[in-house]
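Below: one structure, written as structure tokens.
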Amino acid sequence: PIVLNYFTENQELKKKCENIIKNAVSLAKKTNVKIYAFHPGYYREASINEKGYFDFFGNKRKNFDYGLNIFKNDFINFYKSLEIDTDKTEFQLGFENLFPNPDGSNDSFMCDYEEISKIFDLAKKENINLKLLIDLGHLTISANLLKFNRDEFLKKVVNKYGDRIFEIHISENDGVNDLHNRISKESWQLKALNYFKKLPHFKKIIFTYESRGMTIKEIKEDLDLIKQNLI
């Protein structure tokens, strides 16, 4: 396994990342899958530890401006080379919002509203139909560690970039680690689903429950709970 990181300075790894995306797009189109989303990038290199989490390494941490420059001068051309917006398959490609490290340091691109705004305003300017996956678990961590209001975040994102939203990820955590815990009746994330109901394409949005270490029975119970809050 590798960490898909479009911002890597390792050119061999960069090529592998591009191939993963190209192959995913090709496979999706051949199998009539309509969407593919991925983590947009990281400011340091990373490996995957035995628990499945990322370990970032290296003393030189890049920043958002670096990532935005890569997005502007590299990724947009790569996106256009995939010919997503010019074919008739209705396939869509998107970025998933990320979150800082547990200690408050940050190696991840696109964690708050201001970053999303700069990325998607540029996408609009460059006339690419880049979509947005909102991970409510990631949002919970970012809001906690970066000290912003997650409800205000969703209000602004839905109001300005609602037409870009094509998938929502749901999973509970402690506000520090991406644990993929069970959802509960009191979960803020269930209430947050209301923000998406006003979107004209609400019924086309994919809502995904990300479970870890749960039984089939627990997953089914939680899915029923999520469905009740989507009515």
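The values are calculated or read from the model by the stated rules, or taken from the named source; none is laboratory data. Since this is a predicted model, take the numbers as computed values, not measurements. All Cβ positions, even for glycine, are placed from backbone atoms using ideal geometry, and neighbour counts span all protein chains on display. For the accessible areas, the whole protein counts, side chains as well, though only heavy atoms, and no ligand, DNA or RNA atoms are used. Shrake-Rupley method; radii C 1.70, N 1.55, O 1.52, S 1.80 Å.
As an exercise: evaluate Asp163 against (1) within 25 Å of Leu82 (Cβ to Cβ); (2) open to solvent by 60 Å² or more (accessible area, probe 1.4 Å); (3) over 17 Å from the mean Cα position of the chain (by Cα) and give the number of the one condition it does not meet.
(3)
Could you please let me know if Ile205 is of a type in the set (A, V, I, L, M), under 30 Å from Ser105 (Cβ atoms) and surrounded by 15 or more Cβ atoms within 10 Å (Cβ to Cβ)? Break it down into steps so the answer makes sense when it comes.
Working: of a type in the set (A, V, I, L, M): yes; under 30 Å from Ser105 (Cβ atoms): no; surrounded by 15 or more Cβ atoms within 10 Å (Cβ to Cβ): yes.
In short, no.
Could you please find all residues in the range 135-157 being in contact with a helix residue (DSSP H, G or I) (Cβ under 7 Å, 6 or more places away or on another chain) and not in a helix (DSSP H, G or I)?
Asn149 - this is the single residue of the range 135-157 that is in contact with a helix residue (DSSP H, G or I) (Cβ under 7 Å, 6 or more places away or on another chain) and not in a helix (DSSP H, G or I).
State all residues of the range 1-45 that are at pLDDT 95 or above and on the phi > 0 side of the Ramachandran plot; if no residue qualifies, say none.
Answer for the range 1-45, where residues must be at pLDDT 95 or above and on the phi > 0 side of the Ramachandran plot: just Gly41.
Report, ordered by the first and then the second residue, all pairs with beta carbons closer than 6 Å, sequence separation of six or more or different chains, a first member in the range 132-157 that is within 18 Å of Phe120 (Cα to Cα), and a second member that is in a strand (DSSP E or B) and acidic (Asp, Glu).
Leu133/Glu96; Leu133/Glu167; Asp135/Glu96
Taking the residues in the range 40-82 that are farther than 19 Å from Leu13 by Cα and acidic (Asp, Glu) as candidates, determine which candidate is farthest from the chain's Cα centre (by Cα).
Glu50
Being more than 16 Å from the chain's Cα centre (by Cα) and at negative phi is the filter here, so list the residues in the range 91-122 that pass it.
Phe91, Pro102, Asp103, Ser105, Asp121, Leu122, listed by residue number.
Anything in the range 130-145 that is hydrophobic (A, V, I, L, M, F, W, C) and either crowded, with 20+ Cβ neighbours inside 10 Å or within 17 Å of the chain's Cα centre (by Cα) (or both)? List them, or say none.
First, pick out the residues of the range 130-145 that are hydrophobic (A, V, I, L, M, F, W, C): 130, 132-134, 136, 139, 141, 143, 145.
Within the range 130-145, Leu130, Leu132, Leu133, Ile134, Leu136, Leu139, Ile141, Ala143 meet the criteria.
I'd like the full set of residues that are open to solvent by less than 30 Å² (accessible area, probe 1.4 Å) and assigned to a loop (DSSP other than H, G, I, E, B), limited to the range 109-129. Full working, then the answer.
Here is the first cut: in the range 109-129, the ones open to solvent by less than 30 Å² (accessible area, probe 1.4 Å) are 109-111, 115-117, 119-120, 122-123, 128.
Those that are open to solvent by less than 30 Å² (accessible area, probe 1.4 Å) and assigned to a loop (DSSP other than H, G, I, E, B): Phe109, Met110, Cys111, Ile128.
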